[in-house]
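> Sharing a structure here in structure tokens format.
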Amino acid sequence: MDKVRPFSHALDRLRDAGLRPTRQRLALAKLLFDDCDRHVTAEQLHTEALSGNIRVSLATVYNTLHQFTAAGLLREIVVDAGRSYFDTNTSTHHHFFDESSGMLTDVPHGQLQVSGIPTPPNGSEIESVNVVVRIRAAS
């Protein structure tokens with residue numbers, strides 16, 4: 001029976017993305033990728049790291065999340081100026097943002113269709129279209 005090391009999944013993801021597996025990157029990758037897909041802010045991940053006795057600064061968490069995003073391991077979803085979530089599901093999909101709770105969730109596949117996308121300016125092409133549907137509790 002093959003025994004899987006605790007950090008082997010995180011290690012493989014980092015190496016496949018061309019990132020050097022530092023202690024902090026490995027620890028944060030394990031938190032991000034060992035369970036199901038999720039949406040997390042830098043502050044939430046920092047709190048999780050500290051709760052798990054991972055000594056890492058908030059600045060290091062931000063830098064690591066941006067490195068993971070640049071390497072294609074995460075998608076950054078900007079919901080407001082200065083408020084971003086990082087999504088471990090990098091496939092093309094859209095989101096609900098609950099204004100009351102601050103929760104970001106996926107719009108179920110096939111429930112949103114985008115049409116009427118404008119032609120981009122000369123010399124450019126559309127990279128992606130990200131839709132964030134803002135919701136709140138009904139009154």
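Please treat every number below as a calculation from the coordinates, not as lab data. All figures in this text were calculated on a predicted structure; none of them were measured in a lab. In this analysis, Cβ positions are derived from the backbone assuming ideal geometry, glycine residues included, and neighbour counts consider all displayed protein chains.
> Restricting attention to helices (runs of 4 or more DSSP H) lying wholly within the range 1-109, give those where 2 or more residues are under 21 Å from residue 127 (Cα atoms). Before you say what the answer is, go through the steps one by one.
Working: elements: 8-16, 23-33, 42-51, 58-70.
Fully inside the range 1-109 and qualifying: 58-70.
> Residue by residue through the range 60-78, note down the ones that are surrounded by fewer than 17 Cβ atoms within 10 Å (Cβ to Cβ) and over 15 Å from residue 27 (Cα atoms).
Within the range 60-78, 66, 69, 70, 71, 72, 76, 78 qualify.
> Filter the range 14-61 down to the residues that are polar (S, T, N, Q) and closer than 26 Å to residue 81 by Cα and list them by number.
Within the range 14-61, 41, 44, 47, 57, 60 meet the criteria.
> Against the definition (touching a strand residue (DSSP E or B) at 6+ places or on another chain (Cβ under 7 Å), in contact (Cβ under 8 Å) with a residue 60 or more places away in the chain and either more than 25 Å from residue 28 (Cβ to Cβ) or of a type in the set (Val, Ile, Thr) (or both)), how does residue 90 come out, yes or no? So that I can check it myself, show each step before the final result.
Values: touching a strand residue (DSSP E or B) at 6+ places or on another chain (Cβ under 7 Å): yes; in contact (Cβ under 8 Å) with a residue 60 or more places away in the chain: no; either more than 25 Å from residue 28 (Cβ to Cβ) or of a type in the set (Val, Ile, Thr) (or both): yes.
Judged against the criteria, residue 90 is not a match.
> Find the residue count for the range 32-50, including only residues that are surrounded by fewer than 20 Cβ atoms within 10 Å (Cβ to Cβ) and farther than 22 Å from residue 108 by Cβ.
Matching residues across the range 32-50 total 9.
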